[in-house]
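Report on the following structure.
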Amino acid sequence: MTRIDLGRIPVVRALLVSRGPQLVLQLAALAGLSLVIVSGLLGTPVGNRNPATVLVWIAWWAALMIVAVPLFGRLWCSICPLALPGEWLQRGAIHRPRGPGRGLSLRWPPRLRGMWTQNAAFVLVALFSLPVLTQPRLTAILLAGLVLLAIAISLVFERRTFCRYLCPVGGFIGLYSQAALLELRVRDPRVCAQHKTKTCYSGSTAGYGCPWMAFPASLKTNVSCGLCLECLRTCPLDNVAINLRPIGTDLQKPTRVGLDEAFKSLLLVGSALVYVLVLLGPWSNLRTAAASVGSMPWVTYSAGFLLVTLIALPGLFHLATRLGTPNGSPPLAGWGVFRAFAPALIPLGLGAWAAFSLGLVLANASTILPAISDPLGLGWDILGTSAAAWTPLGGSLGAWPMVVLVLAGLTWTSRRVRAVAEDLGGGVRMAVPVWGFSLLLASGFLWSFVA
Amino acid sequence: MVLRRVTAEHLARLGLALVVVALPLGLAGAWVHAHTSQSATIVHARVSEDGGWLPGTLRARVEIPLQLQLVSDDVVHGFAIGRSGAPPVDLPPGQLVETTLTFSEPGTYTFYCTRWCGPAHWRMRGVIEVAGVQGQTASEPEPLYLSLGIDIDAPHPAAAVPALRPSASRAEALGVDLPEGNRSRQDFIRRSPAETWQSLRSDPSGAPLSDAQVWDLVARLWRSTTTAEALAEGRALYAQNCAACHGEAGAGDGVMASSVPPAGEALSVGAHLSGPADFTESSTLLGASSALLQGKILRGGMGTGMPYWGPILTEAQIWALTDYLWTFQFEE
């Protein structure tokens with residue numbers, strides 16, 4: 001497929017290699033995080049008037065899900081303020097390498113590697129998400145807690161262990177970044193193979209070894225590349241490329257991902273369905289239960305959430321992948337067929353999350369400027385927008401933008417299902433049950449958006 | 001080269017200090033300053049279940065402006081001072097609204113929420129204790145229901161009820177003068193309509209009239225002792241404060257009828273909570289005098305979730321309200 005290597009454009013390469021622009025963006029993101037935490041703790045508890053909830057769950061989340069991830073993949077991770085304080089403390093520097101860093105630099109236990117810990121972290125946050133989404137103080141506490149956790153992890157474990165194995169959002173972004181237009185890859189793997197010092201991984205005076213503990217030459221997808229650009233700086237052979245590529249390139253080729261990553265696909269699309277049903281559905285009791293942390297209704301809701309996302313949907317999907325196998329004998333043993341089909345759900349999941357986020361931002365975008373204009377609820381009017389009235393956007397469009405996103409995801413997923421089925425030698429017969437599963441999921445989303 | 005690297009690192013650290021130390025400290029300092037400033041008092045409004053007005057007690061001095069910064073922490077609330085003519089101030093969630101109050105007389109004033117913010121909306125009240133020297137304002141007379149010794153908790157069944165809805169205009173068409181003792185406002189508000197009907201029925205001048213016509217005279221007495229303005233004011237007060245429980249048509253079926261929590265005696269003695277009164281029920285309402293209704297409105301309770309409106313409504317407003325309540329029984 002055609003790719004455009006942005007690193008070949010001198011101006012772009014200079015901007016990417018230089019630490020200045022990235023640092024400016026990182027400090028801006030940190031300033032935003034500071035504002036969010038302070039306003040969340042001290043400002044109004046009204047969710048749609050406080051920058052903590054408005055900036056994080058409306059502005060940032062929508063920008064991430066609708067623009068950043070589909071277009072730029074993990075680019076957000078390169079400026080994410082949650083990990084920066086820990087990373088800088090670990091390195092003992094903000095700018096360039098200045099000798100050995102601080103901390104114990106222990107390796108993350110092999111048994112905990114992979115996405116399982118991230119899956120668990122995501123589920124944990126998801127169970128508390130409704131009060132967190134609506135209560136600025138909880139948002140601030142969650143973010144401050146993640147910063148402190150990242151600092152602690154950075155001082156004990158090597159590099160960006162927190163981002164790679166623990167960040168609840170990191171696995172989310174990583175999975176869907178496979179659809180992105182942007183990728184970091186090596187230009188010629190043979191050059192890397194012959195390069196003895198592997199400065200992209202070990203680091204040099206020009207930059208740090210890959211914080212994400214990835215070897216660029218082995219990158220096949222965007223999942224574990226944080227786009228921090230360190231390898232671009234440390235490669236003495238100019239063998240690292242930042243490519244613009246057709247959207248969804250990582251997903252075009254059938255691959256059998258690990259069970260953790262396969263499960264992540266199910267978990268994310270399942271939690272999107274639960275969120276959409278809870279937040280957009282007609283069941284106010286369900287919303288109340290999800291918000292009443294610690295109460296019996298919340299325990300019931302949590303049990304339902306876990307049942308749907310961890311057992312029911314994966315179980316149904318597993319069944320669907322088995323139903324079409326010729327003569328009842330699957331072409332791959334164990335969870336092999338499940339692992340092969342699971343990445344096909346990524347487009348539908350991304351479409352659903354983008355649709356959900358679009359619905360949120362269209363309804364609430366007008367709260368952003370008033371919240372920023374008076375961040376602490378003290379009657380300030382910094383931007384002159386403090387009294388701007390809440391005005392939903394795109395009302396004349398109805399649910400069509402969301403429907404289009406879900407249908408686009410479903411179409412893409414259907415094509416991937418067919419490709420995987422062909423790859424496994426099962427043809428249409430093998431694809432049909434998985435199509436049915438995808439259609440069932442999509443119907444849930446569409447019903448929520450339309451009805 | 002070394003100098004340049006150190007400078008870049010120093011600049012980076014300076015930038016970091018600005019965003020993670022100076023910015024939060026600056027914001028926190030502004031917040032502390034706003035909350036410790038003596039120029040204005042910040043009052044938070046929350047639904048009663050979450051604390052109501054915080055603080056619930058404010059202090060002021062006569063003729064010294066009390067500057068308030070009001071902010072709702074949850075839903076839309078309204079702020080008003082009871083028994084004053086000042087219009088209420090709406091408090092949109094999260095928006096700070098400033099208002100200044102000046103009191104000319106010492107005393108205890110009630111401020112309250114004017115928006116139906118939740119089931120316990122009426123409990124969302126606070127007080128302003130105003131200190132200073134008493135002016136020339138005369139003290140208010142004892143409420144009529146107290147001076148008449150009416151027990152507002154006692155049942156008050158009507159000894160007689162009309163078969164037909166009484167009409168003041170039909171009574172006008174009769175061309176019959178109301179007898180002495182049944183002409184004035186005091187005559188009407190001190191006795192229940194049923195008592196008035198019995199009085200008129202037993203008057204020899206009413207002997208030729210049917211029972212229904214006598215009820216029409218009762219309606220006429222009511223209408224002749226109030227004004228269109230009072231009825232309009234009563235209607236507005238009812239819509240704002242009463243209809244949520246008692247229903248727009250007075251049938252005791254308002255949207256909040258089943259969710260108003262117990263109050264007063266019903267709460268303290270754990271008594272069974274009765275629903276809101278049904279003003280369309282002749283057998284009970286026509287046994288109540290306006291003076292009795294005044295007491296119920298002033299004090300509230302009666303084994304129901306009825307709020308006490310004494311600190312909120314003026315005497316004239318309460319009388320306007322009682323006058324309006326009769327429209328559920330009488331036609332003009």
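Every residue in segment A:244-274 that is buried (at least 18 other Cβ atoms within 10 Å of the Cβ), of a type outside the set (D, E, K, R) and touching a Leu at 6+ places or on another chain (Cβ under 8 Å), please.
A:SER265, A:LEU266, A:LEU267, A:LEU268, A:VAL269, A:GLY270, A:LEU273
Of the residues that sit in segment A:275-328 and are surrounded by 16 or more Cβ atoms within 10 Å (Cβ to Cβ) and of a type in the set (Ser, Thr, Tyr), which one is nearest to A:ALA344 (Cα to Cα)?
A:THR321
Of (1) within 20 Å of A:TYR165 (Cα to Cα); (2) out of contact with any strand residue (DSSP E or B) (no Cβ under 9 Å at 6 or more places or on another chain), A:ARG102 satisfies all except one. Which?
(1)
State yes or no: is A:LEU232 at positive phi, buried (at least 20 other Cβ atoms within 10 Å of the Cβ) and aliphatic (A, V, I, L, M)?
No.
A:PRO343 is checked against (1) surrounded by fewer than 22 Cβ atoms within 10 Å (Cβ to Cβ); (2) part of a helix (DSSP H, G or I) and fails just one. What number does that condition carry?
Checking A:PRO343 against (1) surrounded by fewer than 22 Cβ atoms within 10 Å (Cβ to Cβ); (2) part of a helix (DSSP H, G or I), the one that fails is (1).
A:ARG416: under 26 Å from A:ILE66 (Cβ atoms), more than 14 Å from chain B (Cβ to nearest Cβ) and at pLDDT 90 or above, yes or no?
yes
Could we say that A:THR391 is under 23 Å from A:LEU279 (Cβ atoms), in the same structural domain as A:LEU332 (by TED's automatic domain parsing) and polar (S, T, N, Q) here?
Against the criterion (under 23 Å from A:LEU279 (Cβ atoms), in the same structural domain as A:LEU332 (by TED's automatic domain parsing) and polar (S, T, N, Q)), A:THR391 qualifies.
Going by what's in this entry, would A:VAL132 be described as more than 11 Å from chain B (Cβ to nearest Cβ), buried (at least 17 other Cβ atoms within 10 Å of the Cβ) and closer than 25 Å to A:LEU266 by Cβ?
Answer is yes for this residue.
Give me the residue from segment A:114-124 that is crowded, with 17+ Cβ neighbours inside 10 Å and of a type in the set (A, V, I, L, M) and, out of that set, modelled with the lowest pLDDT.
Going through the qualifying residues, I end up with A:MET115.
Based on this model, can you work out whether A:VAL269 counts as modelled with pLDDT of 95 or more and either in a helix (DSSP H, G or I) or among the acidic types (Asp, Glu) (or both)?
Considered against the rule, which asks whether it is modelled with pLDDT of 95 or more and either in a helix (DSSP H, G or I) or among the acidic types (Asp, Glu) (or both), A:VAL269 comes out as yes.
State the number of residues belonging to segment B:111-134 that are of a type in the set (Phe, Trp, Tyr) and assigned to a loop (DSSP other than H, G, I, E, B).
Selection size over segment B:111-134: 1.
If a residue counts only when it is within 21 Å of B:LEU293 (Cα to Cα), which helices (runs of 4 or more DSSP H) contained entirely in segment B:135-213 have at least 2 such residues?
Per the criteria, B:144-147, B:185-190, B:193-202.
Give just the number: which of (1) of a type in the set (Gly, Ala, Ser); (2) modelled with pLDDT under 95; (3) in contact with a Pro (Cβ under 7 Å, 6 or more places away or on another chain) does A:GLY377 not satisfy?
(3)
Taking segment B:27-43, which residues are more than 9 Å from every other protein chain (Cβ to nearest Cβ), at pLDDT 90 or above and surrounded by 12 or more Cβ atoms within 10 Å (Cβ to Cβ)?
B:THR41, B:VAL43
Taking the options B:ARG191, B:ARG170, name whichever one is closer than 20 Å to B:TRP319 by Cα and crowded, with 16+ Cβ neighbours inside 10 Å.
None of the others qualify; the one that does is B:ARG191.
Pick out the one residue from B:VAL89, B:VAL20, B:VAL62, B:VAL75 that is closer than 27 Å to B:THR314 by Cα, β-branched (Val, Ile, Thr) and either within 21 Å of the chain's Cα centre (by Cα) or at the interface with chain A (Cβ under 9 Å from one of its Cβ atoms) (or both).
Of B:VAL89, B:VAL20, B:VAL62, B:VAL75, the one residue that is closer than 27 Å to B:THR314 by Cα, β-branched (Val, Ile, Thr) and either within 21 Å of the chain's Cα centre (by Cα) or at the interface with chain A (Cβ under 9 Å from one of its Cβ atoms) (or both) is B:VAL89.
Here are A:PRO392, A:PRO375: which of them is within 14 Å of chain B (Cβ to nearest Cβ), over 23 Å from A:ASP250 (Cβ atoms) and either more than 25 Å from the chain's Cα centre (by Cα) or among the acidic types (Asp, Glu) (or both)?
One residue alone meets the criteria, A:PRO375.
When you go through A:ILE173, A:ILE94, A:ILE151, A:ILE141 one by one, which is the residue that is among the β-branched types (Val, Ile, Thr), closer than 30 Å to A:LEU244 by Cα and within 21 Å of the chain's Cα centre (by Cα)?
Matching residue, one of A:ILE173, A:ILE94, A:ILE151, A:ILE141: A:ILE173.
Got at least one residue in segment A:367-383 being in contact with a helix residue (DSSP H, G or I) (Cβ under 7 Å, 6 or more places away or on another chain), closer than 27 Å to B:LEU70 by Cα and among the small types (Gly, Ala, Ser)?
The answer is yes; a qualifying residue exists.
When residues of segment A:67-122 are filtered for being of a type in the set (D, E, K, R) and more than 14 Å from every other protein chain (Cβ to nearest Cβ), how many remain?
So the answer is 5.
So which residues in segment A:27-66 are more than 9 Å from chain B (Cβ to nearest Cβ) and polar (S, T, N, Q), if there are any at all?
A:THR53 - this is the single residue of segment A:27-66 that is more than 9 Å from chain B (Cβ to nearest Cβ) and polar (S, T, N, Q).
Among the residues in segment B:87-110, are any on the phi > 0 side of the Ramachandran plot, of a type outside the set (S, T, N, Q), in a strand (DSSP E or B) and modelled with pLDDT under 95?
Yes; the residues of segment B:87-110 include at least one that is on the phi > 0 side of the Ramachandran plot, of a type outside the set (S, T, N, Q), in a strand (DSSP E or B) and modelled with pLDDT under 95.
The values are calculated or read from the model by the stated rules, or taken from the named source; none is laboratory data. All of these numbers come straight from a predicted model, not from anything done at the bench. Note that we place each Cβ from the backbone using ideal geometry, even for glycine, and neighbour counts take in every protein chain shown.
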